[in-house]
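Q: To start, I am sharing the structure in question, which I have written as structure tokens.
Coordinate-derived values only; no laboratory data. Note that this is a predicted model, so its numbers are computed, not measured. All Cβ positions, glycine included, derive from the backbone under ideal geometry; neighbour counts span all protein chains shown.
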Amino acid sequence: MTIERNLFRVVEYHANPARQLIGAAWMFCVGVVFLLIGRVEPRFAYFFGWPLLAAAACFAAYFVWRKFFPGWPVLMLLPEGIIYRVRGVPQAFIPWQVVRGVDTIAFSVGHGKREVRAEDVTVVSVPEGFYQTYFHVGSLRRAASGWEWFFRPMGDLVGIAIHHEWFLLRPDEVRTPIETRWLAFRDEEPALPDPALAGSRFGRQGGHLVLGIRILASRRDAAKIFGPVCVGLLVLAYLLGTA
């Protein structure tokens, strides 16, 4: 059964810990390369090689920890609405009835050459008054939390951005379940979800569907992990063989 058909099932989206594994793979690769360079210039090994290997070990350990203890989901879809946890902003519940639209947009964050572009981002638009009540924070917290990545002014509305890349999913795996539920429940009487997410006047069907926990979500992700690891192992084998 697809997540689009079973609209009464709670869907959880977790920040995929495989991103830490990808970071660890690249740090390991670059670290052993600096160890190789360190044979000629020892300072490269001391200041770059060993610190990068230590960081790679920390990232890998964090990945393992997150696999066993995934923590709270970033996003939850319920028949009553959306529960969204944004970094630096208190958790908020968004009833389907206040949502004004679900779109896919692309935008850039930064200035000049430092711009970073986000593609195919799912955006849930809500009235500015709702945003001011439940999501608005002061300027200092906005700067610390990367506000521009999460909220986009859209006239008298504010777009709440949900990046599929956090979960290592396709854009449609985020937008379609949200849009389908919005269209199905937006005309229902508003209701708050049960605190335990176990009971609802809508009724729950099946256990929670948990997304964003696949280690290898695509061939590209596999290449990002195994590519640098293989290169790093080859360089490490050379170092050990010529030691």
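Q: Distance in nm between label sites at residue 100 and residue 47, each 7 Å beyond Cα in the beta-carbon direction?
A: According to this spin-label approximation, the distance is 5.3 nm.
Q: Taking amide H positions as placed in the peptide plane 1.01 Å from N, state which residues far from residue 158 in sequence (5 or more) or on other chains have amide H under 5 Å from it.
A: Residues meeting the criterion, in which the H sits 1.01 Å from N, are 126, 128.
Q: So between residue 85 and residue 39, what do we pick up on full extension, going 0.36 nm a residue minus the alpha carbon distance?
A: Contour length minus Cα-Cα distance gives 11.9 nm.
Q: Residue by residue, what Karplus-based ³J(HN,Hα) values in Hz, rounded to whole numbers, does region 37-52 have, using 6.51, -1.76 and 1.60 with θ = phi - 60° and x for Gly and Pro?
A: 5, x, 5, 9, 10, x, 4, 5, 5, 6, 8, 10, x, 5, x, 5
Q: Evaluate the relative contact order of region 1-101 (contact order divided by residue number), counting alpha-carbon pairs under 8 angstrom at least 6 apart; express in whole percent.
A: It rounds to 30 percent for region 1-101.
Q: What ranking of 115, 188, 12 emerges when the number of other C-beta atoms within 10 Å of each C-beta is taken as an exposure proxy, fewest first? Working shown, then result.
A: Numbers: 115 10, 188 14, 12 19.
In increasing order of surrounding Cβ atoms, one gets 115, 188, 12.
Q: Once the Cβ-Cβ distance between residue 219 and residue 132 is put in as r, and R0 is 30 Å, what FRET efficiency do you end up with, to the nearest 0.05?
A: According to the calculation, E is roughly 0.10.
Q: Distance between the C-alpha centers of region 92-128 and region 176-193? Whole Å please.
A: Measuring centre to centre over Cα atoms gives 19 Å.
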